[in-house]
Amino acid sequence: KFILPFHRPGIDHPINTIIMFGSSLAIGNDILDIGTQKFDRKSDQRAIGSGAMVPRIALGEPGQFEVPNVADPAHFCRNNFASACGNSDAGQTVKFAKGTTTLAFKWNGGIIVSVDSRSTMGAYIASGTVKKVIEINPFLLGTMAGGAADCSFWERNLGMQCRLYELRNKKRITVAAASKLLANTMSSYRGYGLSMGTMITGWDETGPQLYYVDDDGTRLHGRYFSVGSGSTYAYGVLDTYYKPDLTLEEAIDLGKRAIYHACHRDAMSGSINNLYHVTKDGWVKIHAIDVNDMHYEFLEEKKNAMSSS
């Protein structure tokens, strides 16, 4: 494979010709403009200037990759394209607009995992059917908040690591070990721009366990967590009604109610409420209910409570 730069009549910049196995392919430095109006205008100008039609450049290896036209492109990207929380990206060129509500809590009857399904890009609702609960294995669940691609990829990667652990050790991995594997992975990629706020939960020989893991490698063990833009509203409901000795019906209602109130107040959360129950026999999906339907259900409940009082 040889790359030979040369000039053609009517073209004012060099073209790289890649010769491979006796065939040649002409590739220009404007490969990244192919398919744009800018490329079409340049092609027309070349054709007029040379007096003959110049063939369109074929797809192949790009002659160059564009980087910011500054003294230190790496420093510029770190300061302007980083994933950030809250308003810390206010001065950035690109702002990562994220929105979701996920929660999980541990009680005497197991673990409830409840999430919404809305994916947003700023004020634009990109999807209303996102699966924010990653089913790692029959006894482990993970939630995703932040960058959908980051959470989905690394939690599926965690599933692979958990399966390898089972094959090597002939026993199921504990929730603590699984969450530690994910935290170790996040620590190794700290500062690379990942955006993740996840919960790893499941049942092992020690009983129900719940951990929070984020893109900084932070790993916390607790009774309940909520992650996402609507988490403050969900925490309000959880702090008010949570207790360890809930019945199954009360636990399901609490998970459903917390997600509803978060979706009602947070514009970036909504669509479908997916709720899972984790027991010693594994996880079970309880329901997938439209948040709009829950609104009218709770509105009727509120009216009945007011009329009775």
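The values are calculated or read from the model by the stated rules, or taken from the named source; none is laboratory data. None of these values were measured; they are calculated from a predicted model. Backbone-built Cβ (ideal geometry, glycine too); neighbour counts: all protein chains shown. For accessibility, only protein heavy atoms count, side chains too; no ligands or nucleic acids. Shrake-Rupley method; radii C 1.70, N 1.55, O 1.52, S 1.80 Å.
Take 249-259, 153-163 and order them by the average number of nearby Cβ atoms within 10 Å per residue, most first; the result is 249-259, 153-163.
Residues whose amide H comes within less than 5 Å of that of His287, counting only those at least five positions distant or on another chain, are Leu275 (H built at 1.01 Å from N in the peptide plane).
With the simple model of a label 7 Å out from the Cα in the direction of the Cβ, Asn108 to Lys280 spans 1.5 nm. In this structure, the amide hydrogen of Ile134, modeled 1.01 Å from its nitrogen in the peptide plane, lies closer than 5 angstrom to those of Gly142, Thr143, Met144, counting only residues at least 5 positions away or on a different chain. Only protein heavy atoms count here; on that basis, with a 1.4 Å probe, Glu300 has an accessible area of about 100 Å². Surface analysis of the stretch 99-159 yields an accessible area of 34 Å² per residue, using protein heavy atoms and a 1.4 Å probe. Once the C-beta distance of Lys131 and Lys170 is scaled by a Förster radius of 22 Å, the resulting FRET efficiency is 0.10 to the nearest 0.05. Rounded to the nearest whole Hz, the Karplus-based 3J(HN,Hα) values (6.51 cos²θ - 1.76 cosθ + 1.60, θ = phi - 60°) of the stretch 258-273 follow the sequence 5, 5, 4, 5, 5, 5, 5, 9, 9, 5, 7, 10, x, 6, 10, 9, with x at glycine and proline.
Using a probe of 1.4 angstrom, how much of the accessible area of the stretch 169-309 is carbon and sulfur, in percent? Exposed carbon and sulfur together represent 50 percent of the surface. Heavy-atom accessible surface of Lys302, to the nearest 10 Å², is about 130 Å², with a 1.4 Å probe and all protein chains retained.
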